[in-house]
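A.B. asks: First the structure, which I've put down as C-alpha cells, then a few questions once you've had a look.
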Amino acid sequence: MPDDRISCTADVVAVPLSVKLADSDVAIAEDQRIALIERITAGGHVELDITAQTYAQGGTAHNRNGTRFSPAALNQFAKLSTKRRSPFVRNHSLAVEDVGGFTLASNVERGDGRQLIEQMRLVTPWATLAALNGTMSRFSIHWRPDKLEDVHCSACNAPVIQCGHWPGDEVKNALVEYVYKSADPVERSWVVRPAIEQTGIQDLAQALHDEYERRPRHFTTGAIRMKPNTLASLALGENATDEEIHAAVVTLAAQATEVPRLREQLAEAEAKNKALESARAEAEAKALAVEVDAFVAELKASGKVRDGDTREALVRANFANRTLIDSIVATWEAPAALKGRQSKPDQEVGKNGGNQSQVRALDAFRLLPERTRQSLVGNNKCTEERARAIFATSPNLVPDGITLAEVN
Ligand SMILES: [Zn+2]
C-alpha cells in the first residue's frame, strides 16, 4: 500500500513524440488534423494514441524540484502504470471530468540519465483537442512512495524523516535531493503551470511534519542514540530503552538534590564523632592516672619505690608501656627487711641457716608486682603448683635474688 499522505510530481516540457489515431501506425496528416478538430468540436468522438516523454532524470544534473528516483523505483512506476492502465488527467486533478484517457504502455529508456516514455490513449474531447491543436506540450507524473521511509536523503543516504535535510540544502558542497526508493503511480498529467511541481514538495513537508508529531519516539529510539559510554555512566546497557534512560536520569537528578542535605548530615556526624573521641581520650587518661597511682602505691608498699625517688618518675613517665615498666620493675629488689616480713620462708631461713636458699614458689609469686600477678592468674588465688608452672615456663619472672631451682 502506498503512503497516501505523501505524493510528488515532476514535469517535463515535451511536445508529444507522436499523435496518431487509436490503433493506427500512421502519423496524422495536416488536412486530417484540421478535420479531426472540426469533428470533435461538432460533438463527434475521436480516440488518439499519443507517445510522450513524461519524465526525465539527468545522470548527474539535478531536477528542479530536488527529487530523484532510484532506478528500481522508476521501473516500478513504469511497470505498475502499464499494468493498471494508469489514468491520464489534466492539472493533476483526480476529478472524473479531468480524466482524459489512460496509459497503454510506460517504459524507462536510458540515455543520458533516464526518461519515461509513455504511450497514452486520449478519449475525451478536451484531451484529444489539446493533442491536435498543439497546446498539449507539458507533462507531469504524480507518484507516492510505498512508505515514508522510502524517501532517502542524497547527502546522508538515510530516510529524510531521520536526517532533517531539505531538497536544495547544500551539504558538503552538494545539493540535497530526495531519492525515492519506491514509486507507486497516481497519474500522469497535462499541465500548463510549471509551479504545480512544487505542490508535491509541500505535500511532503506536511507529511513529514505530521510524522514528526505522530511518532516522537522514533527520534529518540531510532535516529538519535546515546553513546554507549554515556549509557554506561548511567549504569545502563547499550540496548537501554527510553523508559530506562528516563528513569536513570530522574534518579540521578533526585540524587543530585540530596547531596547538599547529605553533606550537612555528614558534617554533623563528624563533629559529634570528634566530641566523642576527645571525651573518650579524656576518660582513658583519667583511668590511666588512677591506674598509675595505684601501681606506684603498690610499689611503695612493697618498698621497691620510695617517696620522691627517681623510680616513681620513671614509672609515671613510662606507664603507658606496661611491658617495659613490668620488665623494669621486675629487676627492682625490695629491701630485705620488707621482703622478710612478707616472706615466710625467709623467717624460716632466719631460724634455720641450712634452708636459707629455699623459697617456695608461692612465696616467690607473692613477691611479684600485683599487676604482674593479676596478668598471670587474674583475681584468682594462685596455688603453689600453678606458681611453679608459671616460673618453669617464664624463668625471667623469678624475683631477683632467687634462683629458678629454688622455686621449682
Ligand atoms: Zn540528510
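A.B. asks: I want to confirm something. Restricting to segment 83-101 and keeping residues that are part of a loop (DSSP other than H, G, I, E, B) and touching a strand residue (DSSP E or B) at 6+ places or on another chain (Cβ under 6 Å), which single residue is surrounded by the most Cβ atoms within 10 Å (Cβ to Cβ)?
C.D. replies: Residue satisfying both the conditions and the ranking: Ser86.
A.B. asks: Turning to a different aspect of this structure: Kindly list, by first and then second residue, each pair from a residue in segment 142-156 that is of a type in the set (Gly, Ala, Ser) to a residue that is within 16 Å of the ligand (Cβ to nearest atom) and part of a loop (DSSP other than H, G, I, E, B), limited to pairs with Cβ atoms under 7 Å and residues at least 6 apart or on different chains.
C.D. replies: As it stands, the answer is Ser154/Val176; Ser154/Glu177; Ala155/His165; Ala155/Lys172; Ala155/Val176, since those pairs meet every condition given.
A.B. asks: If you don't mind, another one. Do you know which residues across segment 133-167 are in a strand (DSSP E or B) and more than 8 Å from the ligand (Cβ to nearest atom)?
C.D. replies: Correct list: Arg138, Phe139, Ser140, Ile141, His142, Trp143, Arg144, Val151, His152, Pro159.
A.B. asks: Could you list, in sequence order, all residues of segment 168-192 that are within 15 Å of the ligand (Cβ to nearest atom), outside any loop (DSSP other than H, G, I, E, B), in contact (Cβ under 8 Å) with a residue 60 or more places away in the chain and not aliphatic (A, V, I, L, M)?
C.D. replies: Tyr178, Tyr180
A.B. asks: Give the residue, chosen from Pro345, Pro399, Pro335, that is modelled with pLDDT under 85, buried (at least 17 other Cβ atoms within 10 Å of the Cβ) and out of contact with any Lys or Arg (no Cβ under 8 Å at 6 or more places or on another chain).
C.D. replies: Pro399
A.B. asks: Residues being of a type outside the set (Val, Ile, Thr) and free of Cβ contacts under 8 Å to residues at least 60 places away in the same chain: count how many of those fall in segment 79-92.
C.D. replies: 3
A.B. asks: OK, next. Please enumerate the residues belonging to segment 105-132 that are in a strand (DSSP E or B) and either within 16 Å of the ligand (Cβ to nearest atom) or acidic (Asp, Glu) (or both).
C.D. replies: Glu109, Glu118, listed by residue number.
A.B. asks: If Ala27 passes every condition in (1) modelled with pLDDT of 85 or more; (2) surrounded by 12 or more Cβ atoms within 10 Å (Cβ to Cβ) but one, which one does it miss?
C.D. replies: (2)
The values are calculated or read from the model by the stated rules, or taken from the named source; none is laboratory data. Note that the coordinates shown come from a computational prediction; the quantities given were computed from them, not determined experimentally. Every residue, glycine as well, gets a Cβ built from its backbone with ideal geometry; the counts of neighbours run over all protein chains shown.
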